1. What residue, of 399, 366, is closer than 18 Å to residue 161 by Cβ, of a type in the set (Gly, Ala, Ser) and touching a residue at least 40 places away in the same chain (Cβ under 8 Å)?
2. What tally of residues in the stretch 320-373 results from selecting those that are part of a loop (DSSP other than H, G, I, E, B) and exposed (fewer than 15 other Cβ atoms within 10 Å of the Cβ)?
3. Modelled with pLDDT under 80, outside any loop (DSSP other than H, G, I, E, B) and within 29 Å of residue 313 (Cβ to Cβ): does that describe residue 490?
4. Only helices (runs of 4 or more DSSP H) wholly contained in the stretch 188-275 count here; list those with 1 or more residues that are touching a residue at least 40 places away in the same chain (Cβ under 8 Å) and either on the phi > 0 side of the Ramachandran plot or among the β-branched types (Val, Ile, Thr) (or both).
5. When both residues are 6+ apart or on different chains and their Cβ atoms are under 9 Å apart, which pairs have a first residue that lies in the stretch 122-140 and is closer than 21 Å to residue 101 by Cβ and outside the structural domain of residue 101 (by TED's automatic domain parsing), and a second that is of a type in the set (A, V, I, L, M, F, W, C) and not in a helix (DSSP H, G or I)?
6. Of all residues in the stretch 107-116, how many are under 22 Å from residue 34 (Cβ atoms) and surrounded by 19 or more Cβ atoms within 10 Å (Cβ to Cβ)?
7. Being at pLDDT below 95 and not β-branched (Val, Ile, Thr), is that true of even one residue in the stretch 140-149?
8. Within the stretch 69-91, does at least one residue satisfy the condition of being touching a Leu at 6+ places or on another chain (Cβ under 6 Å), in a helix (DSSP H, G or I) and modelled with pLDDT of 95 or more?
Amino acid sequence: MTFADRVQRSPDALALDDGTCTRTWGELDLRVRRLARFLQKELGIPPGGHAATLTHNRVECIELMHAAIQAGIWLTPINWHLLEPEIAHVVQDSGAEVVFADSAHAELARAAGAKQVLLLGDALDRAVAAAPDAPMDLAGRSGGPMMYTSGTTGRPKGVRRARPARLDAALESFRAGARAVGLDGSGPHLVTGPIYHSAPGMFAVYDQMNGAPLVILPRWTEREALAALATREIEHTHLVPTMFVRLLRLPEEERAAFRAPRLHLVLHGAAPISPAIKRQMIEWWGPVLVEYWGGTESGVITCIGSNEWLAHPETVGRALPGYEVFSADDDGRRLPPGEVGMLYARHARVEKMFEYHEDPAKTASSYLDTSAFTLGDIGRVDAEGYVALADRSAHTIISGGVNIYPAEIEGVLQQHPAVADVACFGIPDDEWGEQVKAAVELAPGVAPSPALADELLAFARARLAAYKVPRSIDFEQALPRHPSGKLYVRRLRDRYWQGRERKI
C-alpha cells in the first residue's frame, strides 16, 4: 500500500502526529499538494532550486520534505545545534531561497543571512491555505533532500543523491529503497531522533511513501520512547547505539514490563555498536534489530538482521541487491576476500550515485572510477560477501550517530595562544560510541595544568556546537608529525583502542 492508497482508502485515518499537531491522510495529502504549489508559484522556487528548514521535530518537517520532492526542489534540513556561523555557511552554500523556521529559530535564521524566513505554524498555514491544490505532474522533475555532511576539511558540503528524472519514477525508487530494508509501510513508524539527520528523517519519509503513519517524538527520552512503542502499536523505528545503552540502563523491572508485540523492525546504524550491547538488546526485544551500513551520500549499502548477525558478529551484513562492495589498496587495486583496504561500493544501475553541491573536486576524490565510490571507511569483505568495518580513513568521529570532524575543532583550538599544535580524534565511549579527545602540544614556556585544560575546553565551548567540544585534553610534549607536516593521528589514538578489533 502506498501514500496514495492510504489517501484513497482511509482519508480520515491518522497519518502524522508530533504530539501537539496531527494530520489525517486526507489532510496530509492536501497540505503536501498546496505546499508544493506554494513553493513553486508563491515563492517562485524553480525546479532544481533550493530551500531549507531550521526547526525542532514537528509535522511541517515531514510535509515540507514530501512537498519539495513533488515540486522538484532540493530541501536542506539544518542541524539546529549548530552555531550561527555554521548555519550561515549552510544557508549561503546551499543557495536556499527561503528558510522555514519555528519560533525558537527564526531569529537565528535571519542572523545567518537567510534571504527569506517563513515562520512555521499559523503564518505558514494561512499562506498555504490560499495556494492551489492541484496535484503535481508525475512526469515533472523530482526534488529531494540535500543533507549536509563534511570531510576532513571540516567545511560542510551538501550531498545531492542521484534520482530518476521523472517524479513518478523517483517516488517508486524511494519506495523500493525503503522496502529493501523492511520499511514496507505496514504499520506506524516511530521517529526517535532529529529529523534534520538523514537516517531518522528520510527513513520515516520513505516509509510513509509506502503507507506508514508517522509518530514523531519531539525529543528522545527512554521512557517516552518505550511508552510510544507499546501504546501506539509501532511496527518500525530507527535507533542509534546511544539509545540502546540508555534503554538498557533503565531499572530491570521497567525493562521486564515492556511489551511491544507489533514491533518487528528496529533499524540501527550511523555509529558503531558494542557487540555486548547489541546482544543484550536482541535478548530483550527479540530478533527485530537490523543493522545497516551506508551514508548520506549513498543511502543503505549493506544490512543484516539479528539472527544473521549472531552468526556473523562484527559485520554489517552483505550488499543489498544492485550493489557490490569491495576493498582496494592504496593504488586502487581490488583486494582478495578478507584483506583490509579502502571500501568501495558500486551500484549496477546508477553510474554516479551522488555529487557534492558545487564541489566537483570533492566529488571526484570520492570515486575510484566512473561509478565506484567510497565513504572513507576501511574494512574487508569476506568470501561470503560479509562486510566488516575496521577504521575510517579520515578519522571522522561518530558520537551518538553524529559525524564530528576533527579539522574544525583543531582550527578553533589552534587560535588559543597557549596552543602550538593540536590533534583531535575519537576514543571509545560505551554510551556514545566515541567521544572527542584533543591532544595538545603547548607553546614554549606554557606549562600543562588542569586549569589550562579547563580553559581550553571553555575556549572551544564558546566557539563550537556543544557536541563538537572535546570531552578531555591530553598534553603532549610533541605531536607525532612527518617532516612533510603530516600528522600521525593513529599513533595518538591507537593507545585508546588497544585490544579492540574495530577502530571505530
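1. The conditions single out 366.
2. 18
3. When the stated conditions are applied, residue 490 passes them.
4. Counting at least 1 such residues, we get 198-209, 241-248.
5. Once the first residue is closer than 21 Å to residue 101 by Cβ and outside the structural domain of residue 101 (by TED's automatic domain parsing) and sits in the stretch 122-140, no partner that is of a type in the set (A, V, I, L, M, F, W, C) and not in a helix (DSSP H, G or I) comes close enough.
6. Qualifying residue count for the region: 0.
7. yes
8. yes
The values are calculated or read from the model by the stated rules, or taken from the named source; none is laboratory data. On a predicted model such as this, the values are computed, not experimentally measured, just so you know. Heads up, the Cβs are rebuilt from the backbone with ideal geometry, glycines too, and the neighbour counts pull from every protein chain shown.
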